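*Asks:* So that we are looking at the same thing, I have put the structure below in C-alpha cells.
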Amino acid sequence: MHGEDTIAAIATAIAPQQGSIGIVRLSGPQSLAIAQQMFRPAHRGPWESHRLCYGQAHDPHTGQLLDACLAVWMQAPRSYTRQDVVEFHGHGGIMVVQSLLHTCLSLGARLAEPGEFTLRAFLNGRIDLTQAEGIHDLVGARSPQAAQMALGAMQGKLAQPLRHLRHTCLELLADIEARLDFEEDLPPLDRDHTRALLTAALTQTRHWLSTADRGALLRSGLNIAIVGRPNVGKSSLLNAWSRSDRAIVTDLPGTTRDIVDAHLVVHGIPVRVLDTAGIRDTDDRVEQIGVAKSRQTASQADLVLLVIDAQAGWTEGDRHIYDQCRDQCRPRPLLLVINKSDLNPHLPTNLPQEILGTVATAAALGEGIEALEAAILSHAQQGHLQVGDLDLAINQRHKACLIEVERSLEQALESMNQNLPLDFWTIDLRAAVAALGKITGEELTESVLDQIFSRFCLGK
Ligand SMILES: Nc1nc2c(ncn2[C@@H]2O[C@H](COP(=O)(O)OP(=O)(O)OP(=O)(O)O)[C@@H](O)[C@H]2O)c(=O)[nH]1
Ligand SMILES: [Mg+2]
C-alpha cells in the first residue's frame with residue numbers, strides 16, 4: 001500500500017459566504033483514529049463503514065465545538081485511495097473547514113499535496129494514469145462535451161483498449177522471442193496473422209491520434225480576440241455575445257483600454273472572448289499601452305475577429321490592422337465582422353479578395369450572434385475539428401507517446417515486409433510496448449507523475 005502517513009485537505013472550494021457545505025478529507029492508516037478523537041456521532045454503537053452519520057466535531061485539545069456535521073468513514077480498500085478515508089461534511093465558508101482541517105493536522109495528519117489523493121489512488125492500483133487525467137479534466141471541464149469526454153476517460157474508456165493493445169504487442173513479442181530462443185522446437189511464425197495484428201494495432205493508434213486536436217479544443221477551448229478601430233462596436237459585441245455588461249460602451253473612441261474577457265460555450269466548445277482597445281495611433285500614454293496589448297492579444301489568439309463599421313465601410317485604418325494581423329510571424333485565422341449593419345446592410349465593395357469569412361452583426365441590437373457562432377464553428381471544422389460527436393480523445397501527453405507507438409509499429413511492419421531477421425522486429429515491438437505503458441502508467445517515470453499530479457487542485 002502506497003502512502004504510509006495520513007493526509008488531510010479541504011476538498012471543496014472555499015470562500016466566505018459561498019458553498020453551503022465544505023468537505024475535509026483524510027486518507028491513510030490513521031484516518032479513523034484521528035476522526036474518532038474529534039468526532040462524536042449522535043447515535044450510539046460502532047461507527048460503520050460507508051454510512052454517513054451525524055454528530056459533533058470538537059477540538060480534543062480544548063474541547064471546543066467546531067461544527068455540527070456529517071462524517072463518513074470508508075474502510076480500505078473500498079475508497080477513492082484504497083486506504084481508509086474519512087470525510088467531514090461540515091458547514092461551508094472558510095472558518096469551519098479550516099478549523100476541521102487544522103484539528104486533523106494537530107492530531108497527526110499531514111497536509112496533502114495537490115493531487116495527492118488521486119496519486120494514491122493511482123499508486124494503489126485503483127485507477128491508471130489516463131483515468132487520473134480524466135478526473136483532472138472533469139474538474140476543469142468548461143463545457144458539457146468536455147465533461148463527457150473527461151467522464152469517458154475517468155471510466156477507463158481509453159485505458160481499457162490501450163491496455164488491450166499493449167497486451168497484444170506483448171504476446172506478439174513473446175511469440176517472436178520464443179522463436180529466437182527455441183526455433184527448432186516451435187512451428188514457424190504465422191506471418192500473415194502477425195502482419196494482420198500489427199496492421200490493426202497501427203490503425204487503432206492512428207485513430208486515437210486523429211482525436212488529439214479535437215480533444216485539445218474541447219479541453220482548453222478557443223481564445224478569440226476582438227480587434228478593430230476605435231468605436232466600431234467591439235465592446236458592444238462582447239456584451240451582446242455574453243449577454244452581459246462586461247465591457248464599458250460609450251460613443252467616445254478609445255473607451256476600452258484593458259483587455260476585457262468573457263467565458264462562453266459555442267456549440268460545445270469553451271470559448272474565451274477577449275475585447276481589446278481600438279487600434280489607432282494616439283498620443284495618450286494609457287491608450288498606447290492598451291493598443292500594444294491589443295496587438296499582442298491578436299497575435300496569440302486562436303481566432304481573430306476583425307470588427308469594422310458597416311457605415312464607414314472598409315477604411316485605411318481597417319486595412320492597416322488587417323495587414324498587421326497578416327504580417328505576423330504566425331498569422332492567426334481571421335474572421336471579418338461587419339458591425340452596425342443596422343445602419344448599412346450592404347457589404348463594403350472594396351474588401352480584400354482574400355478575406356473569406358464575413359459576418360454581419362448589429363451588436364447594439366444583439367443581432368448576428370447566431371451567424372457569428374456558426375461562422376466560428378465552421379472555422380473550427382475547417383481545421384478538421386468535428387466537435388460535438390466526441391466522447392473520448394487523447395491529450396497532448398498521450399499524443400507524444402502514441403506518435404512513438406505509431407513509428408515503432410510502422411518500423412516493425414517494414415522489417416517484416418523486408419524479411420529482416422526477427423530481432424529487428426522485437427526492438428520495435430518493445431519500443432511500442434514501452435510507449436503504451438507510459439500512457440497508462442504501467443511503465444513509470446517520476447517526471448510523468450510530477451507533470452500530471454502537480455496540476456491537480458488541493459484536496460483532489
Ligand atoms: N447603430 C449601432 N451602433 C452601435 C452598434 N454597436 C455599437 N454601437 C455604438 O457604437 C459606439 C461604440 O461602441 P463600443 O462597443 O464602445 O465600441 P468599441 O469598438 O468597443 O470602441 P473602443 O473601446 O473605443 O475601441 C457606442 O455608441 C455603441 O452604442 C451597432 O450594431 N449599431
Ligand atoms: Mg471598447
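*Asks:* How high is the relative contact order of the chain, in percent, with contacts defined as C-alpha pairs under 8 Å that are six or more residues apart? Walk me through the numbers before you get to the answer.
*Replies:* Details: 847 pairs, mean separation 74.8, N = 460.
Computed over the chain, the figure is 16 percent.
*Asks:* Sticking with this one: Only four residue types carry charge here, +1 at the Cβ of Lys and Arg and -1 at the Cβ of Asp and Glu. Report the dipole size of the stretch 355-460 about the Cα centre in Debye, rounded to the nearest 20.
*Replies:* Working: 7 positive and 15 negative charges, 54 e Å.
About 260 debye.
*Asks:* Fewest to most neighbouring Cβ within 10 Å: what's the order for Cys169, Cys401? Mind showing how you got there, number by number?
*Replies:* Values: Cys169 27, Cys401 20.
Placing the least packed residue first, the sequence is Cys401, Cys169.
*Asks:* Taking the Cβ of each residue in Lys234, Lys340, Lys399 as the centre, tally the other Cβ atoms inside 10 Å and list the residues starting with the fewest. If you can, show how the numbers build up before the last one.
*Replies:* Details: Lys234 32, Lys340 22, Lys399 18.
Listed from fewest to most nearby Cβ atoms, that is Lys399, Lys340, Lys234.
*Asks:* Within the chain, count lysine pairs with alpha carbon atoms under 20 angstrom apart where the residues are 8 or more positions apart or belong to different chains. Before the final figure, lay out the partial values.
*Replies:* Values: Lys157/Lys399; Lys157/Lys438; Lys234/Lys293; Lys234/Lys340; Lys399/Lys438.
Going through the chain pair by pair, I get 5.
*Asks:* Additional query: For the stretch 218-262, just say rounded, prolate or oblate: build the C-alpha gyration tensor, square-root its eigenvalues into a ≥ b ≥ c, call rounded for a/c under 1.5, and beyond that prolate if a/b exceeds b/c, oblate if not. It would help to have the intermediate numbers written out before the result.
*Replies:* On the way: a/c = 2.42, a/b = 1.79, b/c = 1.35.
Note, shape of the stretch 218-262 comes out prolate.
*Asks:* Residues of the stretch 328-343 with amide nitrogen under 14 Å from the 7 Å Cα-to-Cβ point of Thr315?
*Replies:* Taking a point 7 Å out along Cα→Cβ of Thr315, the residues of the stretch 328-343 whose backbone N falls under 14 Å are 339-340.
*Asks:* Between the stretch 2-63 and the stretch 133-192, how far is it from one alpha carbon centroid to the other, in angstrom?
*Replies:* 39 Å
*Asks:* Once every DSSP H run of n ≥ 4 in the chain is given -39500 (n - 2.57) and the sum is divided by its residues, what mean residue ellipticity at 222 nm do you get, rounded to the nearest 500 deg cm²/dmol? Walk me through the intermediate numbers first.
*Replies:* Numbers: 15 runs with 203 residues, N = 460.
That comes out to -14000 deg cm²/dmol.
*Asks:* Could you compute the FRET efficiency for Ile21 and Glu183, with r as their C-beta to C-beta distance and R0 at 56 Å, rounded to 0.05? Kindly include the intermediate steps, with their values, before the conclusion.
*Replies:* Working: r = 67 Å, r/R0 = 1.19.
Efficiency, rounded to the nearest 0.05: 0.25.
*Asks:* Now a separate question. Lys/Arg Cβ at +1, Asp/Glu Cβ at -1, dipole of the stretch 220-382 taken about the Cα centre: which of Leu305, Thr276, His263 is farthest positive-ward?
*Replies:* His263
*Asks:* If you put +1 on each Lys and Arg Cβ and -1 on each Asp and Glu Cβ, how big is the dipole of the chain around its Cα centre, in Debye rounded to 20?
*Replies:* Working: 41 positive and 54 negative charges, 262 e Å.
Result for the chain is approximately 1260 debye, rounded to the nearest 20.
*Asks:* Arrange the following residues from fewest to most other Cβ atoms within 10 Å of their Cβ: Asp428, Asp258.
*Replies:* Values: Asp428 22, Asp258 13.
Ascending Cβ contact count within 10 Å gives the list Asp258, Asp428.
*Asks:* Something else about it: When each pair of different Cα atoms in the stretch 231-323 is counted once in the 1/r mean, what is the Kirkwood radius in angstroms, to one decimal?
*Replies:* Details: mean 1/r = 0.0720 Å⁻¹.
Kirkwood radius, the stretch 231-323: 13.9 Å.
*Asks:* Could you give the semi-axes, largest first, of the ellipsoid that matches the stretch 1-107, computed as the square roots of 5 times the alpha carbon gyration tensor eigenvalues and rounded to whole Å?
*Replies:* Details: eigenvalues 80, 51, 36 Å².
Taking √(5λ) for each eigenvalue gives 20, 16, 13 Å, largest first.
*Asks:* In nm², what is the average projected area of the convex hull enclosing the Cα atoms of the chain?
*Replies:* Taking a quarter of the hull surface, the average projection is 30.9 nm².
*Asks:* Tell me, rounded to the nearest percent, the portion of alpha carbon pairs in the stretch 220-382 spaced more than 22 Å apart. Don't skip to the answer; put the middle values down first.
*Replies:* Details: 4543 of 13203 pairs.
Distances greater than 22 Å cover 34 percent of the Cα pairs.
*Asks:* Give me the number: length gained by fully extending Gln418 to Glu354, i.e. 0.36 nm times residue separation minus the C-alpha to C-alpha distance, one decimal in nm. Could the numbers behind the result be given before it?
*Replies:* Details: separation 64, 0.36 × 64 = 23.04 nm, distance 4.83 nm.
Fully extending the segment from Gln418 to Glu354 adds 18.2 nm.
*Asks:* Further question: Using a simple charge model, +1 on the beta-carbon of Lys and Arg, -1 on the beta-carbon of Asp and Glu, nothing else, what dipole does the stretch 7-127 show about its Cα centre, in debye to the nearest 20?
*Replies:* On the way: 9 positive and 7 negative charges, 62 e Å.
Dipole size: approximately 300 debye.
*Asks:* Would any residue of the stretch 411-431 have its amide N under 15 Å from a label point 7 Å out along Cα→Cβ of Leu209? List them or say none.
*Replies:* From the stretch 411-431, the list is 411-414.
*Asks:* Now for a separate question. Can you compute the label reach from Arg51? Point 7 Å from Cα along the Cβ direction, backbone N cut-off under 14 Å, restricted to the stretch 65-91.
*Replies:* Within reach of a label on Arg51, which here means backbone N under 14 Å from a point 7 Å along Cα→Cβ, the stretch 65-91 contributes 71-75.
Any read-out appearing in this document is the output of simple, stated calculations on the displayed coordinates, not a laboratory observation. In this text the structure is predicted, and so the values were computed from the model without any measurement. All Cβ positions, glycine included, derive from the backbone under ideal geometry; neighbour counts span all protein chains shown.
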